[in-house]
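Written out below as structure tokens is the structure these notes cover.
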Amino acid sequence: MIQAVDLPDTLPVFPLPGALLLPRARLPLHIFEPRYLQMLEDTFKTSHRLIGMVQPFPSKTEDSTLHSIGCAGRVTQFSETEDGRYLITLSGVSRFRIKTEVNGFTPYRRCEVDWGDFTRDLGKVEADKSFNRPGFLDLLERFFESRSLSTDWEALKDAEDELLINSLSMMLDFDPEDKQALLEAPCLATRRETLVTLIEFALRGGSHEEILQ
């Protein structure tokens, strides 16, 4: 388990719209672009094996502005295909705040980061004491039916609060800005409230603009 003292001051960052990683959750990734293959090779040479996932603001250029808060994941699984691509799994460690982007000679982007606002990410699994699970699952079932989605409902009923809320936050198809709101939620209860709001608006056919009003 990574301790606070092991967290680096500089991280390689992977700007990927809509891809959300949360502490103690797992994110599978398919790495095939040359610059990110280089990033992965360089990451394997470090002791921490951390990569920062971050949402870019919409842009037509590769040097898009990045959101200030991302989440670092440790490469815990990987396999290489015959044509040189990688299938990896990142295990979420901690969120971070970007201080500045580092200008250097790597083909991928790197940032100086600060971990100080997210010390609880390195702690124990969170619980949501005010979680109305039956009501939430009823809402979720209506959402899944509206999208013609299926799932293992027994597994959802038995899942720990954090695993359930974080997995759904990562998996459900929300806009990148909505994913960022889920990432920045200060605690599990707030993330669950945000998730419920997004699901309710989706069921009512609400637009992103309506959510912001």
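Among residues belonging to the stretch 175-209 that are more than 17 Å from the chain's Cα centre (by Cα) and not in a helix (DSSP H, G or I), point out the one that is modelled with the lowest pLDDT.
This residue is S207.
In the stretch 168-195, which residues are of a type in the set (S, T, N, Q) and surrounded by 16 or more Cβ atoms within 10 Å (Cβ to Cβ)?
S169, Q180, T194
Kindly list, by first and then second residue, each pair from a residue in the stretch 73-96 that is assigned by TED's automatic domain parsing to the domain that holds G116 and within 29 Å of E184 (Cβ to Cβ) to a residue that is surrounded by 13 or more Cβ atoms within 10 Å (Cβ to Cβ) and polar (S, T, N, Q), limited to pairs with Cβ atoms under 6 Å and residues at least 6 apart or on different chains.
G73/S91; R74/S91; T76/T89; T76/S91; Q77/T89
Name the residue that is surrounded by the most Cβ atoms within 10 Å (Cβ to Cβ), counting only residues in the stretch 106-142 that are among the basic types (K, R) and in a strand (DSSP E or B).
This residue is R109.
Go through the stretch 79-105 residue by residue and tally those that are of a type outside the set (D, E, K, R) and surrounded by 13 or more Cβ atoms within 10 Å (Cβ to Cβ).
12
When only residues in the stretch 39-57 that are touching a residue at least 40 places away in the same chain (Cβ under 8 Å) and within 14 Å of L16 (Cβ to Cβ) count, which is surrounded by the fewest Cβ atoms within 10 Å (Cβ to Cβ)?
P56
Among the residues of the stretch 155-191, which ones are under 14 Å from R26 (Cα atoms) and of a type in the set (S, T, N, Q)?
N166, S167, S169
Might you check whether a residue that is closer than 24 Å to G92 by Cβ and in contact with a Cys (Cβ under 7 Å, 6 or more places away or on another chain) occurs anywhere in the stretch 187-210?
Scanning the stretch 187-210, I find no residue that is closer than 24 Å to G92 by Cβ and in contact with a Cys (Cβ under 7 Å, 6 or more places away or on another chain), so the answer is no.
The values are calculated or read from the model by the stated rules, or taken from the named source; none is laboratory data. The structure displayed is predicted, hence computed values, not measured ones. FYI the Cβ positions are ideal-geometry reconstructions off the backbone, even for glycines, and counts take in every protein chain you see.
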